[in-house]
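Student: The structure under discussion is supplied below as structure tokens; questions concerning it will follow.
The values are calculated or read from the model by the stated rules, or taken from the named source; none is laboratory data. Since the structure is predicted, the reported quantities are computational estimates derived from the model, not experimental observations. Neighbour counts run over all protein chains shown; Cβ positions are idealised from the backbone, glycine included. Surface accessibility is based on the protein's heavy atoms, side chains included, excluding ligands, DNA and RNA. Shrake-Rupley method; radii C 1.70, N 1.55, O 1.52, S 1.80 Å.
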Amino acid sequence: MYFVTKRLEISAAHSLSLSYESKCSRLHGHNWVITVCCMSRELNVDGMVCDFTAIKEMIHGYLDHGNLNELLPFNPTAENIARWIVDRVPQCYKACVRESEGNEAVYIDEEKAGVWLRLTE
Ligand SMILES: [Zn+2]
């Protein structure tokens, strides 16, 4: 298996729709640090798992300097954003979304990561 990770920094705003009182319900911004983890059993014709620039365009190009509530069709929590990245990037099996120092969400697609998870059992 081949593994690559791409790290991105995105400046974006969001407000959260929550079932409890929270300052996070007010519009605010983060400098998000996002790690996109990809894997493939085979390399493509160019000798890559996937093109780092293509990942940047798919995620950074779409979200940077945006309002995540307008760009994404769900409540833009770090968890939901991590899942959206895994679903959007074909070779991505895991995404880490850090909204601030100490606050990070990770989503792993169990099906995409299946081979890797079995290797580490
Ligand atoms: Zn926030």
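Student: Taking the stated definitions as given, is E9 within 16 Å of the ligand (Cβ to nearest atom), outside any loop (DSSP other than H, G, I, E, B) and open to solvent by 80 Å² or more (accessible area, probe 1.4 Å)?
Tutor: Answer is yes for this residue.
Student: Turning to a different aspect of this structure: What's the total number of residues in region 28-53 that are open to solvent by 40 Å² or more (accessible area, probe 1.4 Å), more than 13 Å from the ligand (Cβ to nearest atom) and closer than 18 Å to R98 by Cα?
Tutor: Summing the residues that are open to solvent by 40 Å² or more (accessible area, probe 1.4 Å), more than 13 Å from the ligand (Cβ to nearest atom) and closer than 18 Å to R98 by Cα in region 28-53 gives 0.
Student: Right, next: Only residues that are assigned to a loop (DSSP other than H, G, I, E, B) and within 13 Å of the chain's Cα centre (by Cα): list them for region 65-98, please.
Tutor: Within region 65-98, L72, P76, T77, V89, P90, Q91 meet the criteria.
Table: residues versus (1) within 25 Å of N103 (Cβ to Cβ); (2) more than 16 Å from the ligand (Cβ to nearest atom); (3) free of Cβ contacts under 8 Å to residues at least 40 places away in the same chain; (4) open to solvent by less than 50 Å² (accessible area, probe 1.4 Å).
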| residue | (1), (2), (3), (4) |
| --- | --- |
| I55 | yes, yes, no, yes |
| G66 | yes, no, no, yes |
| N69 | yes, no, no, no |
| L72 | yes, no, yes, yes |
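Student: Mind listing just one residue for me: the one in region 39-61 that is in contact with a helix residue (DSSP H, G or I) (Cβ under 8 Å, 6 or more places away or on another chain) and more than 16 Å from I81 (Cα to Cα) and, of those, modelled with the lowest pLDDT?
Tutor: Going through the qualifying residues, I end up with R41.
Student: For residues that are closer than 17 Å to E9 by Cβ, hydrophobic (A, V, I, L, M, F, W, C) and away from the ligand (no atom under 12 Å from the Cβ), scanning just region 90-105, find the one that is surrounded by the most Cβ atoms within 10 Å (Cβ to Cβ).
Tutor: Looking at residues that are closer than 17 Å to E9 by Cβ, hydrophobic (A, V, I, L, M, F, W, C) and away from the ligand (no atom under 12 Å from the Cβ), I get A95.
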